[in-house]
Each structure stands twice: as structure tokens, then as C-alpha cells.
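Reviewing the structure listed below.
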Amino acid sequence: MNLDIADVREAARALSGRVLRTPVLTCPALDELAGVSLFLKAENMQRIGAFKARGALYAVSRLPPEVRARGIITYSSGNHAQAVALAAHEYGIPAYVAMPVDAPKVKVAGVRALGAAITFAGTTSDERLACARELALRTGGVIVPPFDDPHVVAGQGTATLELFEQVLERGDGPLDSVVVPVGGGGLLGGACLVAEAYGARVFSAEPEGCDALAKSLEAGVRVRVEPAQTIADGLRPVRVGELNFAIAQRSVTKAFRVDDEALGRALVHLLLLAKTLVEPSGAAGVAVALGRKLPSDARRVGVLLSGGNVAPEQVATLLARYGGLAG
């Protein structure tokens, strides 16, 4: 399926009234630290606390009713699991979710609160996928992939579409670039479709050691990685999605890597300076900007704050470590 911005616009129409048009935040203190004007798309304020609500709700809406009624299944470290659980709750159908054994408790609680049945399976996305396939055989339900699906990609792209539209509505010029956190690449794929139409560059952000996209772009083919430990639990893929990689190959200007210290500092700066709470995965794009990694001609930069589902104890730890740097 060849996707373009028309598919994202179609998804936006379908999602109207089902997802929030989250705000775009600005913060002069962050701009000064980054050396660029940042426009922060606050998907941490989205339903279930992450952009994932967009892709899951749109993908489930496109299922034939008789297929949807059998139930939906997914495999996820947390945010997509919550998004699928939300979609199932809204459509009054069963949801079955394969999650890693080390999934953050805050995300497990969110899935359970929405009524989905959880099966814990290993620590990698491959192990979760195998579990999801077993669940599909046992229940007759249909798998809603977390990222490598055209409807999921189009749905996720609505976050970036809103970002570009909202910045233009301010009346002081368009974005020239956008920075996107990358796990499996669904958010990135959708962002690329929008940025292509607006003539903007796309930069990706991944944790060091969980850099499946960067390694794949360097190799020219999808590369498998064994994800390293990182505080960004939502950005630990074994490999980037096939569809998303194809889009990224033509559209991503540069893939950046950031370490856990940069992620932690970015989270704390966002909390103390921009007064918004994100999870470490959601801070990856800001970590790139604060590290002065962007090219000198990037001046008006959109950043996707992809989620805000973070454990209070993790926030406390990071504040204790980095809080003195953002005063």
C-alpha cells in the first residue's frame, strides 16, 4: 500500500471526536538551551497518555464489524497495549494483550483498567509477537500491530498533521524540520508522510543501543538489534517495521542516537521549564535538540512528545539526579 498525506487526512476525518487535538507548546527557556525555536506537540496529553490512541482507534475502525466482534489482540510494551484496550472498550469487544514481563507497572495498570486481558511474554518484541499469534489462534481475534500497518501509520500521522497545521495557524511561519522518537517506526512513518507534503525535513531519535532505524538506514536494509537497557522502555524494538523503514529511507534526513543521561535531562527540563510531564521515550526528540545535534539551518523545529506514562518513582529519581540543572 502506497501511503501519502491523503491517507493521513482521511484518518484525521475518521478520528475527529475520538482523539484529542493536543496542544502545541512553546518554551523560551528550552529554545535558548537548544538554540532553535521548538514547537512541542503534547501527545503526552492524548487519550491514554500517548499518540498510540490515534493509530489503534483508526485501525480498529477500519476492521469489518464481523471481524472486529471476534476481539482484538496486540503485543506491546505498554502504550499501544493501552490504545488497543481503549479501542476495544469503545467498541464493546474483547481485547487480549501480550506484554513484556518487565513492562512498567503504570502501563500494565492502564491496560487492566480498560478491561483487556494481559499475557506476559518475555522481554522482546519477537516474543510478544509469538504470544499474540498464539492468542489469535486460541480466541479467533484479529491482531492490531503496534506499528507495521498502513492504517496504524496513517492514524499516527494525524499527530504530525495537527502539529504542522497548528504552527501555521499561529501566523508566523511554517516548520522547517520535525524530530520524532522511534521504536518500531509508526509515528515516524506517519510524520514522514506529512513532512513530505509540507517540504520539511525529518530527524529521528533513538536510545543508544536501541538504534534499529539508524543501523538500518546505514546498512540500506532492515537490521535486527538486541535492545540494550534504557530508561526509554517504549523505544526498544528488535527491528523497525518494514513499511515504516521503506518510508524512512526516502524521507529521514538523519537518524540521531541519545543516551539515558540525555533522555533524563530532557525529561527534567520539560517538567521544570515547560511544565509538562513526559515519559523518557517522549523526551527523545527534545534530547536531540538540547544536545545541539540538529543542523545549523534548522530554525523552526517541531518535536513530538510521544507519551507521558511514567512511574512517579522514576520521575523522583530523575529529578533528584538532574533537577539542579534546570533551575
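Each other residue within a Cβ distance under 9 Å of F203 adds +1 if Lys or Arg and -1 if Asp or Glu, for a net charge of +3.
For K215, the lysines whose Cα falls under 24 Å of its own Cα, not counting residues fewer than eight places away in the same chain, are K254, K293. For the range 32-47, the Karplus equation 6.51 cos²θ - 1.76 cosθ + 1.60, evaluated at θ = phi - 60°, returns couplings of 5, 5, 7, x, 9, 8, 9, 10, 9, 7, 7, 6, 5, 9, 6, 4 Hz by residue, with Gly and Pro reported as x. Here the chain carries DSSP beta bridges of which approximately 10% are antiparallel, counting only pairs with both residues inside. Axis angle, to the nearest 10 degrees, between helix 260-273 and the longest C-alpha principal axis of the chain: 70 degrees. Only helices enter the 222 nm calculation for the chain: every DSSP H run of n ≥ 4 contributes -39,500 (n - 2.57), and dividing by all residues gives -14000 deg cm²/dmol, rounded to 500. Of the listed values (i) 18; (ii) 11; (iii) 23, grab the one calculated as percent of Cα pairs over 36 Å apart from the structure here. Among (i) 18; (ii) 11; (iii) 23, the one derived from this structure is (ii). In this structure, the amide hydrogen of V142, modeled 1.01 Å from its nitrogen in the peptide plane, lies closer than 5 angstrom to those of G71, I72, I73, counting only residues at least 5 positions away or on a different chain. Each peptide in 69-82, 282-295, 237-250 receives the mean, over its residues, of other Cβ atoms within 10 Å, and ordering these scores from highest gives 69-82, 282-295, 237-250.
Length available on full extension from E90 to S16: 0.36 nm per residue minus the Cα-Cα distance, which gives 25.2 nm.
Any read-out appearing in this document is the output of simple, stated calculations on the displayed coordinates, not a laboratory observation. Remember, it's a predicted structure, so these values are computed and weren't measured experimentally. Glycine gets a Cβ as well: all are built from the backbone with ideal geometry, and neighbour counts include every protein chain shown.
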